[in-house]
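For reference, the structure is listed below as structure tokens.
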Amino acid sequence: MSQTLVKLSGGELSAVTPHLGLDADATGIVERCGAAAEALARLESAGFLIEATRLVAHALPKREAVWWACMCVAHTAPEDLSEADRAAREAAEDWVRQQTDRSRRMAFERAQATGFTSPEAWTAVAAFWSGDSMSPEGQPVVAPAPHFAGLAAAGAVALAAVRGDVTRREARLRRFLESGRNIAAGGPGRLPAEAA
């Protein structure tokens, strides 16, 4: 049964594609697509899996993109994940549940505590870049570019795909895309913890 990917931005695929880092072959696959869902299906079937994940990260609404990144990152999280990394992902998830400026800024604080080196950190950065300003509280507003949240979410997903055993990358990316399609269709996109 085919899912209707109602949460993927369909009208303006051209606004998303400049941020996907597509090479000439992948560009040729999506250039005649009318909607993000069609471009996603074509990229995935042609084996452009990382490009397909970038499309999901940019085409989903910011809240859903952050949640999706959290689901992917949690899937590959090791049992010995540091407390700082766990706190960063949890802060991103908290922002998804309650999109306040306070929760967004807390996510960034948690990302800073990780040194920005983990997939979890970038889920939290994606939450932070989903807001109105990157400036410290009380300072003049410096708005993040509209695509920044998608960049951070895509980065989190890419890092999660190669964490630990990199030979699992392709299978992970396929599971991530399945989760992304589920979220785009209105589902929770949850992934079980990866088997050791």
Answer yes if at least one residue in the range 131-143 is under 14 Å from W68 (Cα atoms) and either of a type outside the set (G, A, S) or buried (at least 24 other Cβ atoms within 10 Å of the Cβ) (or both), and no otherwise. no
Condition first: closer than 15 Å to A185 by Cβ, touching a Lys or Arg at 6+ places or on another chain (Cβ under 9 Å) and in a helix (DSSP H, G or I). Now tell me which residues in the range 48-66 satisfy that. V56, A59, E64
In the set R32, R63, the lone residue that is in contact with a Ser or Thr (Cβ under 9 Å, 6 or more places away or on another chain), basic (K, R) and surrounded by fewer than 24 Cβ atoms within 10 Å (Cβ to Cβ) is R63
What's the number of the only condition in (1) over 22 Å from A196 (Cα atoms); (2) not in a loop (DSSP other than H, G, I, E, B) that S133 fails to meet? (2)
Please work out if T123 is surrounded by fewer than 22 Cβ atoms within 10 Å (Cβ to Cβ) and either touching a residue at least 40 places away in the same chain (Cβ under 8 Å) or not hydrophobic (A, V, I, L, M, F, W, C) (or both). no
Criterion first (more than 17 Å from the chain's Cα centre (by Cα), within 19 Å of T123 (Cβ to Cβ) and not hydroxyl-bearing (S, T, Y)) does L60 satisfy it? no
Of all residues in the range 165-180, which are surrounded by fewer than 20 Cβ atoms within 10 Å (Cβ to Cβ) and either touching a residue at least 24 places away in the same chain (Cβ under 8 Å) or of a type outside the set (V, I, T) (or both)? D165, R168, R169, E170, A171, R174, R175, E178
Residue identified as among the polar types (S, T, N, Q), crowded, with 16+ Cβ neighbours inside 10 Å and without any contact (Cβ under 8 Å) to a residue 60 or more places away in the chain among S14, S45, S103: S103
Restricting the search to the range 90-129, which residues are closer than 15 Å to P144 by Cβ, among the hydrophobic types (A, V, I, L, M, F, W, C) and part of a loop (DSSP other than H, G, I, E, B)? W129
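For (1) in a helix (DSSP H, G or I); (2) free of Cβ contacts under 8 Å to residues at least 24 places away in the same chain, each residue gets a yes or a no:
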site	(1), (2)
V141	no, yes
A145	no, yes
A160	yes, no
R163	no, no
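Every number in this text was worked out from the coordinates using simple rules, so none of it is lab data. What you see is a predicted model, and the numbers here were worked out from it, not measured in a lab. No Cβ is skipped: glycine too gets one built from the backbone with ideal geometry, and neighbour counts run over all protein chains shown.
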